[in-house]
Amino acid sequence: MDKTKEDFLLQTLMRNLKSNKSSSDKGYIIRSFSLPKTEEAIVLLEAVKKLARQDGWSFSTVVYQALKEYVIRHWPGNPQTQLVKYLRQSQGVPATKCQVPGCNGQAKYLKGLRNYEGEERIFRVCERHKHVKFGEYRFITFLKPIKR
Ligand SMILES: [Zn+2]
C-alpha cells in the first residue's frame, strides 16, 4: 500500500475510533497470533476468557477492542507515547535532571510547550534535548536557560 493511502486510512481510522463509529465493511479479516508458553500468558488467557464470558463478548470482540485501545493510546507513534507516558510519571524526577525518558542529563533549559487545546506545560531539558517535543505538547512558547 502506498504511504499516502495508508496515512489517509489511518487518519480515517483514528477519527472513527475517537468518535466510536465503526466501519461498515462486510466480511472478516482473519489473523492468528502466538504467545510464549509461559505461566503468565496462560493466566492472562484464562482471565480474558473469564472476563469475556462475563461481558458476553467473543474472543474476537476482546481482540478488536484491545487493538482499538492500543492504537488510540499509541497514535501517532511510539517515541511520542513514551514521552507522554513519562511526562505523567515525571513528578518524581529530580529538579536538576532533564525530563526526557532515559536521559540522565543535567537540566539546562526551561521549555514552555503548548498542546492543541492551548494548555501549557513547562519542562526541564538538557542541552541535547532542547528541541524535543513532549507528545501532544508540541508548540514552543519559550526556552530559557536555567540560572544556577
Ligand atoms: Zn536530556
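Every number here is computed from the coordinates shown, using simple stated rules; none is lab data. What you are looking at is a predicted structure, and each value in this text was computed from that prediction instead of being measured. Every residue, glycine among them, receives a Cβ derived from its backbone with ideal geometry; neighbour counts consider all protein chains shown.
Which FRET efficiency value, to the nearest 0.05, do you get for ILE72 and LEU110 by plugging their Cβ-Cβ distance into 1/(1 + (r/R0)^6) with R0 = 30 Å?
0.45
Can you tell me the FRET efficiency between SER60 and LYS97 if r is taken as the Cβ-Cβ distance and R0 is 41 Å, rounded to the nearest 0.05?
For SER60 and LYS97, the calculated efficiency is 0.35.
Ranked from highest to lowest mean number of other Cβ atoms within 10 Å per residue, what is the order of the peptides 99-109, 7-17?
Taking the mean over residues of other Cβ atoms within 10 Å, the ranking is 99-109, 7-17.
Taking segment 90-145 as the region of interest, what is the percent of Cα-Cα pairs per 10 angstrom bin, listed from the shortest bin to the one with the maximum distance?
27, 56, 17, 0
Could you calculate the contour length gain from GLU120 to LYS49, that is, 0.36 nm times the residue separation minus the distance between their Cα atoms, to one decimal place in nm?
21.3 nm
On a full-extension model of 0.36 nm per residue, what is the gain between MET14 and LYS26, subtracting their alpha-carbon distance, rounded to one decimal in nm?
2.4 nm
Spelling out what I want: for every residue of segment 110-126, take phi, set θ = phi - 60°, compute 6.51 cos²θ - 1.76 cosθ + 1.60 (Karplus), and round to whole Hz; glycine and proline get x.
Residue by residue, segment 110-126 yields 9, 10, x, 10, 10, 9, 5, 7, x, 6, 10, 10, 10, 10, 9, 9, 8 Hz.
If each residue's Cβ is checked for other Cβ atoms within 10 Å, how do TYR28, TYR70 rank with the fewest at the top?
Fewest-to-most ranking of TYR28, TYR70: TYR28, TYR70.
Could you order the peptides 55-64, 133-142 from most to least packed, using the average number of other C-beta atoms within 10 Å per residue?
Result, highest mean Cβ count within 10 Å first: 133-142, 55-64.
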